[in-house]
Amino acid sequence: MATRPDKDIEGMTQRLRSLLDRMEQGEALDEEELHLLGGALKFFFSPAQATRELTRRPKAAERILKGLGNPDWQLIRADLFKMATAAITASRKVSP
């Protein structure tokens with residue numbers, strides 16, 4: 001029996017949020033997880049949604065900025081930089 005597309009999307013969204021939460025907590029992600037996360041931030045989430053997700057997790061956004069040398073992210077580096085920078089800026093405006 002095939003799964004419904006909305007269930008697949010919901011599951012993928014939860015998986016990506018889990019990866020971001022793990023990054024926020026300082027946990028190291030393996031290469032496959034980093035590849036999945038980078039692609040998801042660029043192609044799965046809309047730019048606005050990706051920025052919102054990162055704004056909720058400023059430590060993860062900072063870690064993404066530090067990890068932009070990751071070869072898996074070469075083609076999407078500029079987009080990740082824009083999203084992470086916007087998220088960090090937004091989180092600083094919200095936080096006291």
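Below are the figures for this structure:
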{"read-out": "The range 18-51: number of residues that are surrounded by 16 or more Cβ atoms within 10 Å (Cβ to Cβ) and under 19 Å from residue 88 (Cα atoms)", "value": "13"}
{"read-out": "Pairs, first in a helix (DSSP H, G or I) in the range 31-49, second hydrophobic (A, V, I, L, M, F, W, C) and open to solvent by 40 Å² or more (accessible area, probe 1.4 Å), C-beta under 7 Å, six or more apart", "value": "44/12"}
{"read-out": "Selection count where residues are assigned to a helix (DSSP H, G or I) and either surrounded by 15 or more Cβ atoms within 10 Å (Cβ to Cβ) or modelled with pLDDT of 85 or more (or both), scope the range 60-77", "value": "11"}
{"read-out": "Index of the failed condition, residue 27 passing every other in (1) part of a helix (DSSP H, G or I); (2) at pLDDT 90 or above", "value": "(1)"}
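The values are calculated or read from the model by the stated rules, or taken from the named source; none is laboratory data. All figures in this text were calculated on a predicted structure; none of them were measured in a lab. Every residue, glycine as well, gets a Cβ built from its backbone with ideal geometry; the counts of neighbours run over all protein chains shown. Ligands, DNA and RNA are stripped out before the accessible areas are found, and what is left, the full protein with its side chains, is counted by its heavy atoms. Shrake-Rupley method; radii C 1.70, N 1.55, O 1.52, S 1.80 Å.
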